[in-house]
Structures are given as structure tokens and as C-alpha cells.
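> The structure follows.
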């Protein structure tokens, strides 16, 4: 072997050794990974499954779920503040439905304390009063609990001409009142889109309950279903077919509360 070949082989071996050393150093050298910042979380009490209106809550209906602390409301029930909440809330009645995973809020619960469901969900000062209905007088059966309705009274009266036909007069006696139940169904059942019943229970103030009781004895009642968009609409008072005379006392029904006023002369 001549000297040139020996030199070339030596250089090649040296270059290979250097390359192998550099490669081994690269494999051993790992990039430092910074730990990800942990988002603060809290355990929130939520519904394990759908909870219907009027359902009595049991511990099995509830569970703790981890939520980002920044997205929780003050109305949510936190485990750190109330670790025994699952047993404390048990026995309460849902005054509004919950969907699975929805946080439990005290505002949507009520303690029955031995009272019936209807008495438990009635707001203070309100009354539950029932009246007879039929598909013809209740929007064809498409009125459901928690809908808003107007109550219309129709009366048949003798016409001015004794030989002429009777005259039927209609007026809204109660406006924008809440339906509590149809018959004894306080909620939609079995996926039905309509509840055709014989009795409707309305949520009324005491004076409104008196108005409804008197109206049942004087004529026929019908319910007019209102749009959900009308929940907070201020009622506009309009006259009948005849114009109102100036200075005449009129009865105004606003949000179901009758009041007397006088037009300006």
C-alpha cells in the first residue's frame, strides 16, 4: 500500500469519526420543553341528565363537573364553597327545565317543604285558577304550559231590534297571562307538540282571579295564544269599533291588570 492511499484512508476514518461524534451528540441533546400554563378550574354542580319542569331532584340527578374558573357565574354552585350541595339540593323542585350538563342555579329551584308542586312554583302574591276549555277555545290544542295567552270573553246579547238577530260582543278581559297547566299536565309529555285538555290552569293575581270567575258565569271564554316575542311588550290600548268619547271613563287592561282611566276633554 503506497503512502497516498494510507493518507486518504486516514483522512476518511478521521472524518467518519468526527461525523459519528457529532451525530451522537445531536441525538443526546434534547430540546427543553416549557411546561404549559395550567388554567384555573373549579368544580361546578350540573345536571347529570335532562331535568323536567316540576321534577323533584335526587342526588343521582346531579354531578360535579370541572369548569374554567373564568367562565363560571356567581350563581353557579361550586364544590369548594358547598361540598355537600348534592344532598342539600336534593328534594328541591325544578321551576324551570334543565338540560344535561347545565349548571344548577338556586333561582330555578324551589323548596316544596311539604306543599304540592303547584303551590311551590307559584310566585308570591299569585293565584292558580282553572277554567274549562276545548280545542275550539284553546288555539286548537297548541297551547302548552308556560305559554302566554289572552283571555277573551264573548257574550250573546239581544239586538236593538226585537226581531233582529242576537249580537255577540267580545273583549279581552285578561292579557298576557301565563299558563301553568293543561288538565293536570304541568309540562310537555312524551314529546307531544300539543296537549288537548278540558281544563286550563292560569297564573293570576287575586283581582284577576275574581274577574275570571265572574266572566265564566256571563259568557264563553276563549284563549288566544301569544307570541313568545310579546313577553315584555307594553300593551297598546285601542278602542272598539266605535270611537271613545272624550272625558269618558274607560277600563284599561295592561298586563292582565285592569285599571280605570279617563280620556282628556
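The values are calculated or read from the model by the stated rules, or taken from the named source; none is laboratory data. Quick caveat: nothing in here was measured; it's all calculated off a predicted structure. Cβ atoms come from the backbone with ideal geometry, glycine included; neighbour counts cover every protein chain shown.
> State whether one or more residues within region 219-233 are over 26 Å from residue 94 (Cα atoms) and modelled with pLDDT under 85.
Our first condition is that a residue be over 26 Å from residue 94 (Cα atoms); within region 219-233, this holds for 219-224, 233.
Now restrict to residues that are modelled with pLDDT under 85: 233.
Yes; the residues of region 219-233 include at least one that is over 26 Å from residue 94 (Cα atoms) and modelled with pLDDT under 85.
> Tell me whether region 184-207 contains one or more residues that are surrounded by fewer than 18 Cβ atoms within 10 Å (Cβ to Cβ), modelled with pLDDT of 90 or more and more than 27 Å from the chain's Cα centre (by Cα).
Yes, region 184-207 contains a residue that is surrounded by fewer than 18 Cβ atoms within 10 Å (Cβ to Cβ), modelled with pLDDT of 90 or more and more than 27 Å from the chain's Cα centre (by Cα).
> Within region 56-84, track down each residue that is surrounded by 17 or more Cβ atoms within 10 Å (Cβ to Cβ) and closer than 24 Å to residue 120 by Cα.
Matches in region 56-84: 57, 61, 62, 76, 77.
> For region 47-78, give me each residue that is closer than 23 Å to residue 37 by Cβ and either in contact with a strand residue (DSSP E or B) (Cβ under 7 Å, 6 or more places away or on another chain) or in contact (Cβ under 8 Å) with a residue 24 or more places away in the chain (or both). Before you say what the answer is, go through the steps one by one.
Initial filter on region 47-78 (closer than 23 Å to residue 37 by Cβ): 65-72, 78.
Matches in region 47-78: 65, 66, 67, 68, 69, 70, 72, 78.
> Can we say residue 60 is in a helix (DSSP H, G or I) and modelled with pLDDT of 85 or more? Steps first, answer last, please.
Values: in a helix (DSSP H, G or I): yes; modelled with pLDDT of 85 or more: yes.
Yes; evaluated as a whole, the condition is true for this residue.
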